[in-house]
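Below is one structure, written out as structure tokens, with a few remarks after it.
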Amino acid sequence: MSHVNRIEGIGRIRRGRAVRFYYDGRQYFGYEGDTLASALLANGVHLTGRSFKYHRPRGIFTAGSEEPNAIVQLESGAYTEPNTRVTQVELYEGLRANSQNCWPSVKYDIGAVNSLLSRFLPAGFYYKTFMWPASMWMTYEHFIRNAAGLGKSPEQKDPDRYEQLHAHCDVLVAGGGPAGLSAALAAAKTGASVIIMDEQSEMGGSLLASDETVDGVTAAQWLKTTLETLGTYDNVTVVPRCTVTGYFDYNYLTAAERVTDHLGIGNGGYSPRQRFWKIRAKRVVIAAGAIERPLLFKDNDRPGVMLANAVRTYIRRYCVLPAKSVCVFTNNDSAYDTAIAVHEAGGAVTVVDTRQSASAVSVKRARDVGITVYHGYAVSNVIGSRAIRRVEIRRLSDDAQSLVGDPVTVNAQVIANGGGWNPVVNLFSQSRGKLRFESGIQAFVPDKAVAINPSVSAGSCAGVYDTAQCLATGAEAGEIAARAAASDPKPSVPMPQLTKALAADAVNGRDFYVVPANTGAAEGLLQKWNDRGYSKHFHDLQNDVTVADIHLAATEGYRSVEHLKRYTTTGMGTDQGKTSNVNALSIMAGIQQTDIPSVGTTTFRPPYTPVTFGAITGQNRGELFLQARKTPMHAWHELNNAVFEDVGDWKRPWYFPRHGETMHQAVDREALATRQSVGMVDASTLGKIDIQGADAAWFLNMVYTNAWLKLPVGHCRYGLMLNEHGMVFDDGVTTRLGENHFHMTTTTGGAARVMAWLEEWLQTEWPEREVYCTSVTEQWAVAAINGPNARALLESLTDEDLSDESFPHMSYKSMKVAGLDARVFRISFTGELSFEINVSARHGLALWEALIDAGKAFDLTVYGTETMHVLRAEKGFIIVGQDTDGTVTPFDLGMSWIVNKNKPDFLGKRSLSRTHTAASGRRQLVGLLTDDPDTVLPEGAHLVEGHVRRVPAVTQGHVTSSYMSPNAKRSIAMGLVTNGLDRLGESLTAQLMDGQMIGVTLVKPDFLSIDKSPETKPEKGQ
Amino acid sequence: MKPYSLWSLVRNGISYDKDWQQAWRSPEPKKHYDVVIIGGGGHGLATAYYLARECGVRNVAVIEKGWLGGGNTGRNTTIVRSNYLLDESAGIYEHAMKLWEGLSQELNYNVMFSQRGLLHLAHSVHDMQEIGRRGNAIHLNGIDSEFLNPQQIKKMLPIINLNCRYPVMGGLLQRRGGTARHDAVAWGYARGADDMGVDIIQNCAVEGFDIQNGEVKGVRTSKGLIGAGKVGCVVAGHSSVLAEMAGFRMPLESVPLQALVSEPVKPVIDCVVMSNGIHVYVSQSDKGELVVGAGSDAYISYSQRGSFDQIEHVVGPLVELFPLFSRLRMLRQWGGIVDVTTDRSPILSKTPVKNLFINCGWGTGGFKCTPGSGHLFAHSIAQGEMHEKAAPFSIDRFNTGALIDEGAAAAVAH
């Protein structure tokens, strides 16, 4: 084990537990508690990838979720995961990671040729070329697409499981650093229910890498005690490895928990891989911390350039000194802690401070231990490509606009880069809170929250950087949030904010962002900042966006922040610009000679860090993607070889093939048997709505086109519903069970839509009416028996008188069927004598089996939806949604008889009188007979005039339903045809895409030559 | 305007990129223009471009409340297609498609229009009937259209899970459909229009209209009164708000529509896939991100954000259809405000105010028609009469009932 960079110390790793892992095929060892990043650094590996555009060598830049550079392809096969930040991957035994976006290897990458051509590939270059010849674009694009992208998508189905979790709490604390922990503790003490989440593997945030004394004890001891105390509260849930990713309205937040990722492939046991939280919090404490901001200098992207606090974290938390010699480059006091950490770890350290002088305690402490400090200097050059060999620094001019004097060489292999801090305001901004630019710390901080999303920010995400102050603001925030949640559960007023003043100038920083490249102040601005050559000042490391790119964008007029972002792609990488956004703004501010707030800020969009699609999906995949609804008779259908059709959420038997029958053969048999003897269909899926109330009849009179007030109790009526445009929207039979009690049926697919439609009218337009609608679709199981022997079959199972006199067509009776309480409706969708037997859903299968048994005497045939469609089409009955499409009036269907013109009003009535809607010559429903009776028209075929194939051609309408009818012994079809009702007898031609021309004649849609049934009116929908 | 070319990149590369021109000027508004276009999105900029380019109207201003292309132009999923069911729709969307084919060269700005094919999936008998009807209608209109069976779909898209909860039963392919780079469309039109003298004025909010005797005379803005011979209003989600300023009402509802992208990965899906049956559409951008479209919220809103459940309801189908995407990650989500008519077709129309024209109601699918919309609207404004292809889309149809109900007829909203 060659842990060249591992140092003495305890940190948070467990040295007794060595862990083997592989990077780019090579075996290494780390310890439990390491991240992949710390383990690689311990092994002396800095080079971890190639950049997006120029394929420059890149290394580990941070120690957290803000990492822009070090992203790898984790694992392989079905478990592979592209673009994974090594700084967030906890080491596990056997872990395998590979570098991505490079070929053949990360060391020698062909794509690096882009880097040589980089001066010709500025931001947005692709908008300016690849246009000639026009036909070549798809070829150019092919290469562009292959060059772009980062890692590779898995190529197999994800074997892992995910789950979703809903949670409610009084106080959600986002972030488990010092501020978050003390907020959780303070809130918990009030008795509030608290959830605290942190994205890292353990709670503690900055305390995990701190040598500070907190409340008189070490940071580690304070952390241990605090977590133990929190553990004693039943009202506190502590969730590590969980990132609060989104903040939506009414304090609805999402969070992504990495439950078993850290255990390695297949070691998760019964736990899911990841869990997606959906949290409704009465109040939120945001304690999301701050992210260090890098200073920008020439070739600041080299492997070995790291954030100062990351270097400190690797030393103190993981016992890894990233290099023996470190150059700390900073403009403020906080990076001096890093210098001291390096020194204490036995490393050589040089501090380069852009300020002319500094006097903070930490600065003095650094000097006292003998650390060399260059004041008023800046890093001017980084020597080395795949690793830093040495660093050159030069003196800054007084105005910091140029470099003066000769370079001084500093021996360092790591540059600890600390340019100040950016509070993590992302969640606050997502909550629509307004930001304020605090010039003392040169950063955006939360200002005003919106009332519907009450939160309070504490600690460094509020611009408070001192640990003691983080604890104090956290405690206050926790208490404020808990008290507010208790007194005002549904917030009506903005939440109180912290009384603690922002510690302005806390880091005593210099307003300094970019080290100028050249000395030549006399040269033009672009040349002065030029990095079009091989050397560059990067501000967005992942997307390879340079300082010069921003100058270019400004030159070309892309000055609005959003234009800048979109033109240069800054901040659009997988790191979402966490380390680059404010720097980009500062550069644009410099160009426009204004301040950062005048340039503006971009929108912080959810999620805070990318979230696995699988986690968002949770268990809702496969069968549970949208849980299939099954009727009480489903098991029988399965046993009897049904082929199922998806109708809305339902699984409906489509047909029941016997002995190798084709669909066509099965449907022929089912349809013939029904008209010859008796057939049975499972009609349980029909929408059923129970309507009661003093105004129920009035209500039906409004929602249907025909008259309902005088329907006698015990009788049924078919109705059409129209939408506001006067177009047919649903149909079905509704029965008057009592004076103020109706049983409505709807189409299977339209049930929910109709229910919502009824409720919308009742709730928004007619709230004064007394009507109650209850969906009872799933309360009733329905067997519909059709055919000449339907009565005989039913008689064998009931004592009730079923004669025409006692039980006429379009009426209803309550009776016992096979000993079960049943509602029987004598209504028909086939034109045959028909009874629809409704029983309580739990008796559905019993009824069905009783009918099957009794049906043996009548050669009862069970049929599915396809036969149902054939049977209804033979009679010309419509299916709403198939023969209508939302552009069809009752008149277009030839159903003027169902529109009661004497009613004062009904939904859609006014629209029917609009000129176009009332005009003649509209598309109208007709029957279609093919010249060749054996040819079945494809549904969706369009009809044209004449027999000559033409494109383009004017459509005369289209085929809505088309079947081979065994009863009519020929093909039959219906279609919507321009002025169709006046053109019966005319011929048209179906012109198909494949070249076929099929002649048809327009007829009345009633295809049974001998009408055997007395029940001829269309009676009900699908 | 100095043209863009490979040569211009080389020359400017050598000269430190200091000689690039501004893509467009940012002038102060003049006192009067022949035409003022309100709204600096794709449709508005295209209108200005074609006014100047084809109609000889060059004294034109485009005024924009925020930044160019900041509304739905910069927030959509970049899909371009013309496979519409109804003749009127086919008329305008195919008109746009023909302009797309050649737009990069016309504008001298690479809008990355990529005809990588667009596939609609059918998951039920009902879906099959719908694509059957639509495919044949498109074909009769002389627009390319092909039916694919599940095996052909699998061959074209090996990563698809045909046997998902709602099995894929077939598909309708338009090979000329695809995607374009949305921002570039706005910028390209802006640059082209500016080059012909159109003033593009950003950060200029409309506060009211100067209307005399029922005729528009100017626009009151945050930068003062701007006189106008004619005014074209192209402001999508805020059309109702502007109409109210002009004293009339629009048959529109504004709702949030969301979209999201994944982290970028190497090419994995080549064509655009749309499933109305299970509600997801997805393509992969040239950068490598999966661009995924979600549904619109049920509630009316002007805030450019929607509810998270819409995101869940699109990620679910995405993973169901492409199970191997399960381990990829959502990088970014956002919303825009779409203005929706009751028939889901746009409005290109005169208004009750003389010389005030309106172009809106594109709902969830306006990006694809950007060139066509601008072209037809420009000609209509210049002539003072609606172009024959635009005429069916007048506001009057909501009085006569001559709706172009693409949503109802085809159950396709996007």
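The values are calculated or read from the model by the stated rules, or taken from the named source; none is laboratory data. Please read all numbers here as calculations on a predicted model, not as lab measurements. As a convention, Cβ positions derive from the backbone with ideal geometry for all residues, glycine included, and neighbour counts pool all protein chains shown. Accessible surface is based on the protein model in full, side chains and every heavy atom, while ligands, DNA and RNA are left aside. Shrake-Rupley method; radii C 1.70, N 1.55, O 1.52, S 1.80 Å.
Given the conditions (1) on the phi < 0 side of the Ramachandran plot; (2) open to solvent by 20 Å² or more (accessible area, probe 1.4 Å); (3) more than 9 Å from chain A (Cβ to nearest Cβ), and given that residue B:56 satisfies all but one, which numbered condition is not satisfied?
(1)
Search the range A:544-567 for residues being more than 7 Å from chain B (Cβ to nearest Cβ) and open to solvent by 10 Å² or more (accessible area, probe 1.4 Å), and hand back the single one that is nearest to residue A:67 (Cα to Cα).
For the range A:544-567, the residue satisfying everything is A:565.
Among the listed residues B:78, B:47, B:73, which satisfies the condition of being away from every other protein chain (no Cβ under 13 Å), touching a residue at least 24 places away in the same chain (Cβ under 8 Å) and touching a Phe, Trp or Tyr at 6+ places or on another chain (Cβ under 9 Å)?
Criteria check complete, one pass: B:47.
If you scan the range A:266-281, which residues turn out to be buried (at least 17 other Cβ atoms within 10 Å of the Cβ) and at pLDDT below 95?
Answer for the range A:266-281, where residues must be buried (at least 17 other Cβ atoms within 10 Å of the Cβ) and at pLDDT below 95: just A:268.
Starting from the range A:158-172, take each residue that is away from every other protein chain (no Cβ under 13 Å) and hydrophobic (A, V, I, L, M, F, W, C) and list its partners that are surrounded by fewer than 23 Cβ atoms within 10 Å (Cβ to Cβ) and not in a strand (DSSP E or B), counting only C-beta distances under 7 angstrom and pairs at least six apart or across chains.
Partner pairs satisfying both residue conditions: A:169/A:193.
Going by the structure shown, is residue B:35 farther than 30 Å from residue A:117 by Cβ, part of a loop (DSSP other than H, G, I, E, B), among the hydrophobic types (A, V, I, L, M, F, W, C) and in contact with a strand residue (DSSP E or B) (Cβ under 9 Å, 6 or more places away or on another chain)? Talk me through it step by step, then tell me what you get.
Details: farther than 30 Å from residue A:117 by Cβ: yes; part of a loop (DSSP other than H, G, I, E, B): no; among the hydrophobic types (A, V, I, L, M, F, W, C): yes; in contact with a strand residue (DSSP E or B) (Cβ under 9 Å, 6 or more places away or on another chain): yes.
When the stated conditions are applied, residue B:35 does not pass them.
Looking at B:303, B:373, B:283 in this structure, which one is within 14 Å of chain A (Cβ to nearest Cβ) and at pLDDT 95 or above?
Checking each option against the conditions leaves just B:283.
For every residue, the table says whether it meets (1) within 29 Å of residue B:276 (Cα to Cα); (2) within 14 Å of chain A (Cβ to nearest Cβ).
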residue: B:342; (1), (2): yes, yes
residue: B:345; (1), (2): yes, yes
residue: B:368; (1), (2): yes, no
residue: B:377; (1), (2): no, no
residue: B:392; (1), (2): yes, yes
residue: B:399; (1), (2): no, yes
residue: B:407; (1), (2): yes, yes
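From the residues in the range A:314-368 that are open to solvent by 10 Å² or more (accessible area, probe 1.4 Å) and of a type in the set (Asp, Glu), which one is nearest to residue A:60 (Cα to Cα)?
Result: A:337.
Among the listed residues A:30, A:16, which satisfies the condition of being modelled with pLDDT of 95 or more and either open to solvent by 20 Å² or more (accessible area, probe 1.4 Å) or not assigned by TED's automatic domain parsing to the domain that holds residue A:569 (or both)?
A:30
Scan the range B:311-327 for residues that are more than 8 Å from chain A (Cβ to nearest Cβ) and open to solvent by less than 30 Å² (accessible area, probe 1.4 Å) and jot them down.
Once the filter is applied, which keeps residues that are more than 8 Å from chain A (Cβ to nearest Cβ) and open to solvent by less than 30 Å² (accessible area, probe 1.4 Å), the range B:311-327 yields B:314, B:321, B:322.
For residue A:190, all conditions in the list (1) open to solvent by 40 Å² or more (accessible area, probe 1.4 Å); (2) within 14 Å of chain B (Cβ to nearest Cβ) hold save one; what is the number of the exception?
So the condition that residue A:190 fails would be (2).
Please verify whether residue A:64 is among the small types (Gly, Ala, Ser), touching a His at 6+ places or on another chain (Cβ under 8 Å) and not assigned by TED's automatic domain parsing to the domain that holds residue A:385, treating the condition exactly as stated.
Details: among the small types (Gly, Ala, Ser): yes; touching a His at 6+ places or on another chain (Cβ under 8 Å): no; not assigned by TED's automatic domain parsing to the domain that holds residue A:385: yes.
The answer is no for residue A:64.
For the condition outside the structural domain of residue A:187 (by TED's automatic domain parsing) and in contact with a helix residue (DSSP H, G or I) (Cβ under 8 Å, 6 or more places away or on another chain), what is the one hit in A:312, A:273, A:302? Walk me through how you get there before you give the answer.
Details: A:273 fails: outside the structural domain of residue A:187 (by TED's automatic domain parsing); A:302 fails: in contact with a helix residue (DSSP H, G or I) (Cβ under 8 Å, 6 or more places away or on another chain).
Result: A:312 is the single residue among A:312, A:273, A:302 that is outside the structural domain of residue A:187 (by TED's automatic domain parsing) and in contact with a helix residue (DSSP H, G or I) (Cβ under 8 Å, 6 or more places away or on another chain).
Are there any pairs with C-beta distances below 8 angstrom linking a residue in the range A:677-698 that is on the phi > 0 side of the Ramachandran plot to a residue that is in a strand (DSSP E or B), with the two at least 6 apart or on different chains, and if so which?
Within 8 Å, the pairs are A:693/A:772.
Yes/no matrix, rows are residues, columns are (1) in contact with a Lys or Arg (Cβ under 8 Å, 6 or more places away or on another chain); (2) of a type in the set (D, E, K, R); (3) not in a strand (DSSP E or B):
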site	(1), (2), (3)
A:759	no, yes, yes
A:764	no, no, yes
A:784	no, no, no
A:788	yes, no, yes
A:791	no, yes, yes
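For the range A:897-940, give me the residue count where each residue is open to solvent by 40 Å² or more (accessible area, probe 1.4 Å), within 14 Å of chain B (Cβ to nearest Cβ) and within 18 Å of residue A:883 (Cβ to Cβ).
4
I'd like to verify a number: residues in the range A:403-421 that are open to solvent by 50 Å² or more (accessible area, probe 1.4 Å) and in contact (Cβ under 8 Å) with a residue 40 or more places away in the chain, how many?
3
Take the range A:799-822 and flag every residue that is under 54 Å from the mean Cα position of the chain (by Cα) and outside any strand (DSSP E or B).
A:809, A:810, A:818, A:819
With the requirement that a residue be crowded, with 21+ Cβ neighbours inside 10 Å, farther than 29 Å from residue A:676 by Cα and of a type outside the set (Val, Ile, Thr), what does the range A:954-1002 give you?
A:956, A:957, A:958, A:976, A:980, A:988, A:990, A:991
Can you tell me which residues in the range B:202-257 are among the polar types (S, T, N, Q), under 22 Å from the mean Cα position of the chain (by Cα) and within 24 Å of residue B:394 (Cβ to Cβ)?
Within the range B:202-257, B:239, B:240, B:254 meet the criteria.
Among the candidates A:233, A:247, single out the residue that is in a loop (DSSP other than H, G, I, E, B) and either within 12 Å of chain B (Cβ to nearest Cβ) or open to solvent by 10 Å² or more (accessible area, probe 1.4 Å) (or both).
After applying the criteria, what remains is A:233.
Give, as residue ranges, the strands (runs of 3 or more DSSP E) completely inside the range B:125-233 that count at least 1 residues that are open to solvent by 40 Å² or more (accessible area, probe 1.4 Å) and either more than 14 Å from every other protein chain (Cβ to nearest Cβ) or not small (Gly, Ala, Ser) (or both).
Per the criteria, B:146-148, B:206-212, B:215-221, B:224-233.
When only residues in the range B:328-352 that are open to solvent by less than 10 Å² (accessible area, probe 1.4 Å) and more than 22 Å from the chain's Cα centre (by Cα) count, which is farthest from residue B:297 (Cα to Cα)?
Filtering first and then ranking leaves B:328.
Which residues, taken from the range B:27-53, are open to solvent by 10 Å² or more (accessible area, probe 1.4 Å), of a type outside the set (Asp, Glu) and farther than 19 Å from residue B:184 by Cβ?
Result: B:27, B:29, B:30, B:31, B:32.
When the residues of the range A:444-471 are narrowed to those that are out of contact with any Lys or Arg (no Cβ under 8 Å at 6 or more places or on another chain), open to solvent by 20 Å² or more (accessible area, probe 1.4 Å) and assigned to a helix (DSSP H, G or I), which ends up nearest to residue A:429 (Cα to Cα)?
Filtering first and then ranking leaves A:460.
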